[in-house]
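Chemist: Could you have a look at this structure, given as structure tokens, before my questions?
The values are calculated or read from the model by the stated rules, or taken from the named source; none is laboratory data. Keep in mind the model is a prediction, meaning the values are calculated, not measured. Here the Cβ positions follow ideal geometry from the backbone for every residue, glycine too, while neighbour counts run over all protein chains shown.
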Amino acid sequence: MKKQFVVIGLGRFGSSVADTLLYQGHEVLVIDRDMSKVEPFMSTATLAVQADATDENVLNELGIRNYEHAIVAIGEDIQSSLLVTLLLKEIEVNTVITKAKDDLHGKMLNKIGADRVVYPERDMGERLAHHLDSSNLIEHIRLSREYDIIEIAAPKSFYNKSVQSLMGMTKKKMTIVAIKKGDSVDISPIHDAIIEPKDVLLIVGEKKLLRKLEQET
Ligand code: ADP
């Protein structure tokens, strides 16, 4: 379904988000105060505007309140990032997603009402480090401070054990959500499903435990 987005700040992150949303066929209004960042979007975006998004009048004139989703992709200029997020929430944009540079920036964004805070540099850095650290790991997604999701080649200690016995063995600190055997995927493995060598597992669990599994060969 076609949705309407506004992307504010067309640095590396914002322009990549906007390009992808346009590619997916959505309507995207892009805004940057720097004309050289706006120009490449003149022919592709639904509307491309050079403006300072901290100016409330600009947001009103562009009818931003009618957009359901806004992405604030201003990283370096923290003051602008905070002010734009605040203004968007004040005019009642439904979902405001803001990029944070670091934890402190993220904390402030949460306090002023951002619906979601993303940390692209930190998350990508973490994922890369996990991949470099483990030869079994296929995918790593941060779920919260305590929990992650990993896609991993079945660790040796899991071979020939049932899903249920593994839950016990790990004191319920993880759940095996799916088991891939070749091309077939069991998305809700029953308790007595057995893990075999060459299986690929999708696991939700405590960071510490998952880290141990990643390091098993
Ligand atoms: P990245 O790390 O993703 O490249 P930057 O923080 O370098 O992100 O880029 C942010 C972009 O946001 C820049 O193109 C900048 O011109 C734009 N920007 C910063 N403040 C404002 C503002 N108040 N209004 C509109 N655009 C802004």
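Chemist: Applying the selection to region 98-121, what residues are surrounded by 20 or more Cβ atoms within 10 Å (Cβ to Cβ) and of a type in the set (A, V, I, L, M)? Before the answer, list the steps.
Modeler: In the first step, residues of region 98-121 are kept if they are surrounded by 20 or more Cβ atoms within 10 Å (Cβ to Cβ); the result is 98-100, 109, 114.
Scanning region 98-121 gives A100, L109, A114.
Chemist: Next question, about the same structure. Answer yes or no: is there a residue in region 134-141 that is within 15 Å of the ligand (Cβ to nearest atom), out of contact with any Asp or Glu (no Cβ under 7 Å at 6 or more places or on another chain) and on the phi < 0 side of the Ramachandran plot. Spell out how you get there, then give the answer.
Modeler: Quick first cut of region 134-141, residues within 15 Å of the ligand (Cβ to nearest atom) only: none.
Looking through region 134-141, none of the residues is within 15 Å of the ligand (Cβ to nearest atom), out of contact with any Asp or Glu (no Cβ under 7 Å at 6 or more places or on another chain) and on the phi < 0 side of the Ramachandran plot.
Chemist: Provide a single number: the residues in region 1-23 that are in a loop (DSSP other than H, G, I, E, B), over 23 Å from L82 (Cβ atoms) and modelled with pLDDT of 95 or more.
Modeler: Kept after step one, since they are in a loop (DSSP other than H, G, I, E, B), are these residues of region 1-23: 1-3, 9-11.
Now restrict to residues that are over 23 Å from L82 (Cβ atoms): 1-3.
Okay, now just the ones that are also modelled with pLDDT of 95 or more, so none.
So the count comes out to 0.
Chemist: If you take the residues of region 8-29 that are near the ligand (Cβ under 8 Å from one of its atoms) and of a type in the set (A, V, I, L, M, F, W, C), which of them is surrounded by the fewest Cβ atoms within 10 Å (Cβ to Cβ)?
Modeler: F13
Chemist: Please go through region 183-217 and give me each residue that is assigned to a loop (DSSP other than H, G, I, E, B), in contact (Cβ under 8 Å) with a residue 12 or more places away in the chain and surrounded by fewer than 16 Cβ atoms within 10 Å (Cβ to Cβ), ordered by number.
Modeler: First pass over region 183-217, keeping only residues assigned to a loop (DSSP other than H, G, I, E, B): 183, 187-193, 195-199, 216-217.
Going one step further and asking which of them are in contact (Cβ under 8 Å) with a residue 12 or more places away in the chain, we end up with 189-193, 195-199, 216-217.
Within region 183-217, I190, H191, D192, E196, P197, K198, E216, T217 qualify.
Chemist: Same structure again: Of all residues in region 30-69, how many are assigned to a strand (DSSP E or B), free of Cβ contacts under 8 Å to residues at least 40 places away in the same chain, closer than 15 Å to V84 by Cα and more than 12 Å from the ligand (Cβ to nearest atom)?
Modeler: 0
Yes or no, residue by residue, for (1) surrounded by 13 or more Cβ atoms within 10 Å (Cβ to Cβ); (2) of a type in the set (D, E, K, R); (3) modelled with pLDDT of 90 or more; (4) not in a strand (DSSP E or B):
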| site | (1), (2), (3), (4) |
| --- | --- |
| E151 | yes, yes, yes, no |
| S157 | yes, no, yes, yes |
| S165 | yes, no, yes, yes |
| V177 | yes, no, yes, no |
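Chemist: Hey, another quick one. Take region 70-92 and flag every residue that is outside any helix (DSSP H, G or I) and either under 20 Å from Q24 (Cβ atoms) or within 14 Å of the ligand (Cβ to nearest atom) (or both).
Modeler: A70, I71, V72, A73, I74, G75, E76, D77
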